[in-house]
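Nothing in this text is a laboratory measurement; each read-out follows from the coordinates by a stated rule. Small disclaimer: the values here were computed from a predicted structure and weren't measured. Don't worry about glycine lacking a Cβ; one is built from the backbone with ideal geometry, like all the others, and counts go over all protein chains shown.
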Amino acid sequence: MKIRDGLRINYIYVFFVVFFILLFLRITYLQVFRKNFFQNLAQNQYYRLIPLSGKRGAIFDSKGRILATEINTHSVFADPLFIKDKETVARILSENLDLPKQKIKERLMQKKRFVWIKRKISWSEKEKIKAMKIKGVGFLREHKRFYPQDKLTSSLLGITDIDSRGVDGLEFQYDSYLCGKDGMVRVLQDSSSHEVILTPQIITPQEGRDIVLTIDSQLQYWVENFLEETIKKFSAKEGSVVIMNAATGEILVLANYPNFNPNNLKEFSPQLMRDKAVCDMFEPGSVFKAVTLIAAIEENTFSDSDVIFCENGSYKIPGSTLHDVHPYGSLNFRQVFEKSSNIGVGKIANKVGGQKIYTYIKKLGFGDKTGIDLPGEIRGNVKPLSSWSKTSPYMIPIGQEVGVNLIQLVRAYAVIANGGYLIKPHVVKGIYSQGICKETPVERKMVISALTAARAKGILEDVVKKGTGKLADIEGVKIGGKTGTAQYFDVKLKRYSQTQYRASFVGFISDLDPPVVIGVSVFEPKGSHYGGVVSAPLFKKIAEKTIKYLGGEKMPAVAAANQNQ
Amino acid sequence: MKKKSFAIFIVFLFIASLTFLHQKILIYVEAYKISKNHRLSNELVDKRDYLVYNLTKETSVQKINQWAEKNNFSPTEKVLALNLRRAEPAKPTNKVMAMFNDLLGIPTGSSTALAGEKE
């Protein structure tokens, strides 16, 4: 009996020893070999990672007015696992968030732990839903891009997507600077899913850099209004205006009409968003005659008194016939440009020579991108000399068979206004980051002599005083410029349209120091299609405001006129 | 003696553990308080942002210009110049006081600043 009892005890002893050894091995396995797995599992339950989004940089105008900024907002999400009555929750959310009930229900039916209901809602919407205390519905703090000036400068600024990434305009071009870097914070989470800030581990988010533009939004406002008035008056399709500081290349105004409200992307369309001044190519017409003017002066081919016979309005050239709107007989060199005679300019260009005209076209920056810091700039179309037809030496100098954008034209006229320098236009004045500013340098190179520029300036001032640009004239102020009326080349029909025109005026205010160049282009005006009738008055309105705003007191002529009043 | 020392040790250990636990709880209580304040501060920041949003929207270039056009408001185009003139100093009757004022550089008389419109 005793032996049996001893055996039993031994069995129990062995059993327990084996049990504890197995237990020890299991514990060792769990604690040593599976340590990381279980540690992660526990940490995932105890800790929560909260993303901290790096705020996107703001965009200011040259006077410090906010053009684009970020505001805090909330997005609604749901954890479908927690929502039992999906039908009711979908109905409540639909009523308060202005979303279709079915769409919400579909999202709630998904077998996920996280679904977006609506992103970037208003404060009142958030407060309403929060007050309902719906289980399984939560909010995440996010940033939202906000454009306080609404439509103003919209085509220049562009837009961002829902995740605050730039998709067009300046927002796209400077996305790498504007974009902040996201951070993260790890906090403890209690049993009720409340965040407890206990020894938080933070990866600090980095704010994006702020950008200061050369644009003046007050001037932009006036110009956009004037442009809209003109477009409506002439029932035109679209139009653009550019104002540039001729000495530095700073773009003071870049206006397009029609435009869009970046705060309301429901009315958005890619056509509205296109920056027409930069991305649209057109045949410039007579505004391009400035190239021939410069070439003839720089090459010393003509003096002011040289007479050119303008064939009384019709002149046969190889392969075509040149016409003038008004027939002219003999005109001197200056008068050819004052009256904008196609025949006169054609003859001047022919004497200067195709090779040299081509050289000056390239020298003035046509056919190449200006390098403006905006996306989608069109290069334009300047045929290489080898591709010129028999008509090209006559047609190109009068602004046909050549494609340009408005910025290129403004830059070419700036060469005349600033004494011979080809400048790189820019819209960003500087990029600011933590008190450090990286300013955009002025890039320029001399392409014509100061004397040539001065002589061309004088002739273009006469165009405004006595010639086709009379409606742009402001009494007591020196203004130079050139009108342009170009027929639209219909690519589908492969011929010039008889109804579609582009009326342009590009000019400069010589009296301002530094001078400014203003380029105006209106597409498909009705009633009248002449640059001198449609665009010159618009130029005048803009020039008057610009002079007043940018400091007429500095201009002796204007100051004298003011004193006489 | 040994028993007494052991008892004291146990009591000491108990008190130390209790204090440790108390401190640990206090840390959690503070953490909860901070979390609550953090939440509150976030809510206030949000409210402020919405107010700034409304303010910025109402003071945009467009709104200001529209208001100016509606009310025919135009800033003066002539430059206002401040014509700062100092009035003739009134001479003190007391010679000692005058000398004292001169020594310390105390100005006498009243100065006037007149704003005049430059014609």
Check your understanding: Helix by helix, which DSSP H runs in chain A go 30 Å or more along their axis at the Cα atoms and have an average Kyte-Doolittle hydropathy of -0.5 or more?
Key -> A:2-28
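For chain A, what is the per residue volume of the convex hull drawn over the alpha-carbon atoms, in cubic angstrom?
Per-residue hull volume (Cα only) is 249 Å³.
If Lys and Arg each add +1 and Asp and Glu each add -1, what is the summed charge of the other residues whose beta carbon sits under 13 Å from the beta carbon of A:Arg56?
Around A:Arg56, the charge tally is -3.
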Exercise for review: Work out, step by step, the length gained on full extension between A:Met132 and A:Met281: first 0.36 nm times the residue separation, then minus their alpha carbon distance; give nm to one decimal.
Suggested key: 48.1 nm
Review point. How many partner chain Cβ atoms sit within 10 Å of a residue's Cβ in peptide A:141-154, on average, as a whole number?
Key: 3
Review point. Simple spin-label model, 7 Å along Cα-to-Cβ: A:Gln434 to A:Asn381 in nm?
Key: 5.0 nm
Check your understanding: What lysines could a cross-link reach from A:Lys86, if we take a straight Cα to Cα line under 23 Å and drop same-chain neighbours fewer than 8 places away?
Key -> A:Lys101, A:Lys103, A:Lys105, A:Lys111, A:Lys112, A:Lys118, A:Lys120, A:Lys126, A:Lys128, A:Lys130, A:Lys133, A:Lys135
**Study point:** Gained length - A:Asn10 relative to A:Ala450, 0.36 nm times residue gap less alpha-carbon distance
**Key:** 146.9 nm
Check your understanding: Mind listing the phi-derived Karplus ³J(HN,Hα) values for the range B:42-47, rounded to whole Hz, using 6.51, -1.76 and 1.60 with θ = phi - 60°, and x for any glycine or proline?
Key -> 4, 5, 5, 4, 4, 4
**Study point:** Modelled label reach - A:Thr88, point 7 Å along Cα→Cβ, the range A:127-153 residues with backbone N closer than 18 Å
**Key:** A:129-138
Practice item. With r as the distance between the Cβ atoms of A:Glu106 and A:Glu229 and R0 = 45 Å, compute the FRET efficiency 1/(1 + (r/R0)^6) and round to 0.05. Key: 0.40
Exercise for review: Assign unit charges at the C-beta atoms only (+1 for Lys and Arg, -1 for Asp and Glu), then state the dipole size of the protein assembly as shown relative to its Cα centre in Debye, rounded to the nearest 20.
Suggested key: 3500 debye
Practice item. Check each of the trypsin sites (Lys or Arg not before Pro) in the range A:449-508 and keep only those in coil by DSSP with at most 12 other C-beta atoms within 10 angstrom; list them in order. Key: A:Lys492, A:Lys494
Point to revise | Total lysine pairs whose alpha carbons fall under 24 Å of each other in the range B:2-61 (8 or more apart, or interchain) | key: 5
Review point. Working out 0.36 nm times the residue gap between A:Ile3 and A:Arg113, then minus their Cα-Cα distance, what length gain in nm do you get to one decimal?
Key: 33.2 nm
Point to revise | Formal net charge of residues neighbouring A:Pro393 (Cβ-Cβ distance under 12 Å; K, R +1; D, E -1) | key: +4
Practice item. From other protein chains only, count the Cβ atoms within 10 Å of every residue's Cβ in A:47-60, then give the mean. Key: 0
Review point. In a shell of Cβ-Cβ distance under 14 Å around A:Ile197, excluding A:Ile197 itself, what net charge do Lys and Arg (+1) and Asp and Glu (-1) give?
Key: +2
Review point. Computed from the mean reciprocal separation of all distinct C-alpha pairs, what Kirkwood hydrodynamic radius does the range A:1-108 have, in Å?
Key: 21.7 Å
Study note, to complete from the structure: Nearest-0.05 FRET efficiency for A:Ser303 and A:Lys465 at R0 = 22 Å, using Cβ-Cβ distance, is 0.65
